[in-house]
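The next block holds one structure in the form of C-alpha cells; read it before the comments.
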Amino acid sequence: MIGLLILAQTDFGLGLLRSAEHVLGNLPPGIETLPVDYELPQEQLEQAIRTRIENLDHGNGVLILADIYGASHTNTACRLLRKGQIELISGVNLPMLIRLLNYRDLDMRGLVTKALTGGPEGIVSAPIPLRKAEPNR
C-alpha cells in the first residue's frame with residue numbers, strides 16, 4: 001500500500017483528514033498530514049518531511065498531496081522526489097483524497113492517474129433545479 005502524506009496549511013490538511021474519515025467511516029492506515037509551519041527553517045521542514053516519508057513508506061512508496069505548488073513547503077518536498085517511489089501532486093481536494101483512499105492497491109503510476117482524474121472530476125457546477133410552474137396570478 002502506498003503511503004499518503006498531506007502537506008498543507010494546518011487547518012486545511014487536518015480538515016481533509018477529518019472529512020475523509022467522516023465520508024469513509026474511518027481513516028485507513030498509512031495516511032498522515034504535516035501541518036505547514038512557516039516559522040520553521042527550511043532544513044527542519046525538510047527533515048520533518050523526510051521523517052514522515054520514512055514512517056509511511058513500507059516498500060511501495062509515498063504520494064505527497066500538497067495544497068499549492070510553488071510554495072516553500074512544496075519546493076522543499078520536490079527536492080525529495082524519486083520517480084515511482086516518492087511523488088507529489090498539488091491542488092489536493094476532498095474528491096481526490098477519497099478516490100485515492102479507495103484505490104490504494106494500485107501502483108504509483110495508477111494511483112497518480114486516479115488522483116489527477118479524481119480531483120477535477122470532483123469539481124462540478126451543480127444544475128439549477130427546474131422551478132415548479134407558478135400559478136397565474
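Computed from the coordinates by the stated procedures, all read-outs in this text should not be read as laboratory data. Please read all numbers here as calculations on a predicted model, not as lab measurements. With ideal geometry, Cβ positions are generated from the backbone for all residues, glycine too; neighbour counts draw on all protein chains shown.
Listed values, structure above:
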| item | result |
| --- | --- |
| Total charge dipole magnitude, the chain, about the Cα centre, Cβ charges on Lys, Arg, Asp, Glu only, Debye to nearest 20 | 640 |
| Beta bridges by DSSP in the chain, antiparallel share as percent, to the nearest 5 | 5 |
| Point-to-point label distance, D107-L14, nm (Cα→Cβ direction, 7 Å offset) | 3.8 |
| Label assignment, mean projected area of the Cα convex hull in nm² derived from the structure, set [x] 11.3; [y] 8.9; [z] 8.5 | [x] |
